[in-house]
Amino acid sequence: MSAPASGVAPELPFFVYGTLRPGAYNHDRFLRGRTGGEEDAELPGAVLRDGPGYPYAVPGEGRVTGTLVTAAPGAYGELLGVLDLVELPAGYERAAREVVRARDGARVTAWVYLAAPGAPLGPVIASGDWFRRP
């Protein structure tokens with residue numbers, strides 16, 4: 001499921017897997033004060049590819065390690081707007097995908113920014129974890 005054509009997106013959590021993860025350089029810059037929860041998670045059916053300073057997830061046989069982020073109360077629209085503003089011009093497209101929450105194995109539908117056609121894909125990051133790349 002991709003973002004609806006009407007422009008009205010359901011209020012899903014977000015799965016982040018690169019520079020927006022807690023501890024990475026864009027987390028505090030773009031997410032601080034806008035999140036209500038952050039939990040370890042994985043995106044099945046995807047492969048992580050290196051990019052120009054940040055990674056891209058693409059469909060494939062693998063798993064991508066990341067964080068499931070929920071918006072702070074009243075901050076959903078702002079968080080969605082900031083993430084779209086940062087991610088869409090950088091070669092991503094937003095799509096709803098099932099991710100697996102680490103603490104209980106629950107499958108959760110979340111917005112994931114995947115590589116858009118024409119994104120500058122580099123080598124595969126075999127671990128599926130941006131923090132464990134070579």
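Yes or no: the range 107-122 includes at least one residue that is in contact (Cβ under 8 Å) with a residue 24 or more places away in the chain, open to solvent by 30 Å² or more (accessible area, probe 1.4 Å) and of a type in the set (Lys, Arg). So far as the range 107-122 goes, no, none of its residues is in contact (Cβ under 8 Å) with a residue 24 or more places away in the chain, open to solvent by 30 Å² or more (accessible area, probe 1.4 Å) and of a type in the set (Lys, Arg). Take the residues of the range 15-43 that are of a type in the set (Phe, Trp, Tyr) and more than 25 Å from Gly60 (Cβ to Cβ): which is least open to solvent (accessible area, probe 1.4 Å)? In this case the residue turns out to be Phe30. Can you confirm whether the range 72-82 contains a residue that is in contact with a Phe, Trp or Tyr (Cβ under 7 Å, 6 or more places away or on another chain), closer than 12 Å to Val16 by Cα and touching a residue at least 40 places away in the same chain (Cβ under 8 Å)? So far as the range 72-82 goes, no, none of its residues is in contact with a Phe, Trp or Tyr (Cβ under 7 Å, 6 or more places away or on another chain), closer than 12 Å to Val16 by Cα and touching a residue at least 40 places away in the same chain (Cβ under 8 Å).
Filter the range 88-106 down to residues that are in a strand (DSSP E or B) and open to solvent by 40 Å² or more (accessible area, probe 1.4 Å), then give me how many there are.
Result for the range 88-106: 4.
Which of the residues that make up the range 49-58 are out of contact with any Lys or Arg (no Cβ under 8 Å at 6 or more places or on another chain) and more than 16 Å from Pro22 (Cβ to Cβ)? Across the range 49-58, the qualifying residues are Arg49, Gly51, Pro52, Gly53.
Among the residues of the range 59-71, what is the count of those that are over 21 Å from Pro22 (Cβ atoms) and charged (D, E, K, R)?
Looking only at that region, the number is 1.
The residues listed here are Gly33, Gly66, Gly62, Gly51; of these, the one that is in contact (Cβ under 8 Å) with a residue 40 or more places away in the chain, under 20 Å from Asp129 (Cβ atoms) and either touching a Leu at 6+ places or on another chain (Cβ under 6 Å) or part of a loop (DSSP other than H, G, I, E, B) (or both) is Gly51.
Restricting the range 123-134 to residues that are of a type outside the set (Lys, Arg) and over 27 Å from Gly81 (Cα atoms) leaves a set whose member that is surrounded by the fewest Cβ atoms within 10 Å (Cβ to Cβ) is Pro134. Can you pull out every residue in the range 49-87 that is surrounded by fewer than 19 Cβ atoms within 10 Å (Cβ to Cβ), aliphatic (A, V, I, L, M) and touching a strand residue (DSSP E or B) at 6+ places or on another chain (Cβ under 7 Å)? The answer is Val58, Ala72.
The values are calculated or read from the model by the stated rules, or taken from the named source; none is laboratory data. In this text, all values refer to a predicted model and were calculated from it rather than measured experimentally. Cβ atoms come from the backbone with ideal geometry, glycine included; neighbour counts cover every protein chain shown. Surface accessibility is based on the protein's heavy atoms, side chains included, excluding ligands, DNA and RNA. Shrake-Rupley method; radii C 1.70, N 1.55, O 1.52, S 1.80 Å.
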